[in-house]
Amino acid sequence: MRWWDIDPVLALEKDLFPDDAWSRGMFWSELAHARGLGSTRRYVVAYEGDRLVGYGGLAASGDLADVQTIAVARDQWGTGLGARLLTELLRHATAFEVAEVMLEVRVDNTRAQKLYERFGFEPIGFRRGYYQPGNVDALVMRLTTEKATEEKNHG
């Protein structure tokens, strides 16, 4: 993701998450941490022609990464785009050499939960009232990476 992607990302963000959409400032802040040698973020976008149809972001710190956001335009649901974006984010998690990848997903978003489960994410808990202002709970999910498995087997 680059600065010129922010406006189309915001449009998609507002369509998909009208009650708790990220602000322009939040995306600028994330992109500021995605540049340079000590970067801790990776953001990816997907276009169909000139139209932005999906995006995702990952933050890493030490042995842990967190999927910050992932979104796919409604007319692209069921096309595999979400899986491709998640694959790209997990590729970046591997590059960051993290042992675990975490994410939060709305408890009522079973479609996304099934995608994450296909990638090996497992539910580990809840965050009550995480999504505001709707006061919707989040399901917390975790993926243990190959790095963690290798360290366990060779440790």
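The values are calculated or read from the model by the stated rules, or taken from the named source; none is laboratory data. On a predicted model such as this, the values are computed, not experimentally measured, just so you know. Note that we place each Cβ from the backbone using ideal geometry, even for glycine, and neighbour counts take in every protein chain shown. The area values use the complete protein model at the heavy-atom level, side chains included, leaving out ligands, DNA and RNA. Shrake-Rupley method; radii C 1.70, N 1.55, O 1.52, S 1.80 Å.
Descriptive notes on the structure:
- The residue pairs whose first member lies in segment 131-142 and is over 8 Å from ARG106 (Cβ atoms), whose second member is part of a strand (DSSP E or B) and among the aliphatic types (A, V, I, L, M), and whose beta carbons are closer than 6 Å, counting only pairs six or more residues apart or on different chains, are VAL140/ILE124; MET141/LEU103; ARG142/MET102; ARG142/ILE124.
- Taken together, the residues in segment 13-34 that are touching a Lys or Arg at 6+ places or on another chain (Cβ under 9 Å), open to solvent by 50 Å² or more (accessible area, probe 1.4 Å) and part of a loop (DSSP other than H, G, I, E, B) amount to 1.
- Checking ASP5 against (1) closer than 21 Å to ALA83 by Cβ; (2) in a helix (DSSP H, G or I); (3) without any contact (Cβ under 8 Å) to a residue 24 or more places away in the chain, the condition it does not meet: (3)
- Members of segment 1-12 found to be open to solvent by 50 Å² or more (accessible area, probe 1.4 Å) and hydrophobic (A, V, I, L, M, F, W, C), listed by number: TRP3, TRP4, ALA11
- Looking across ALA46, ALA73, one residue alone is in contact (Cβ under 8 Å) with a residue 60 or more places away in the chain, under 18 Å from LEU12 (Cα atoms) and open to solvent by less than 30 Å² (accessible area, probe 1.4 Å). It is ALA73.
- The condition of being within 24 Å of LEU139 (Cβ to Cβ) and touching a residue at least 12 places away in the same chain (Cβ under 8 Å) holds for only one of GLY78, GLY56, that being GLY56.
- Residue count for segment 59-70, restricted to those that are over 11 Å from the mean Cα position of the chain (by Cα) and surrounded by 19 or more Cβ atoms within 10 Å (Cβ to Cβ): 1
- The set of residues in segment 93-130 that are closer than 13 Å to LEU58 by Cβ, open to solvent by less than 30 Å² (accessible area, probe 1.4 Å) and outside any strand (DSSP E or B) comprises ALA93, VAL98.
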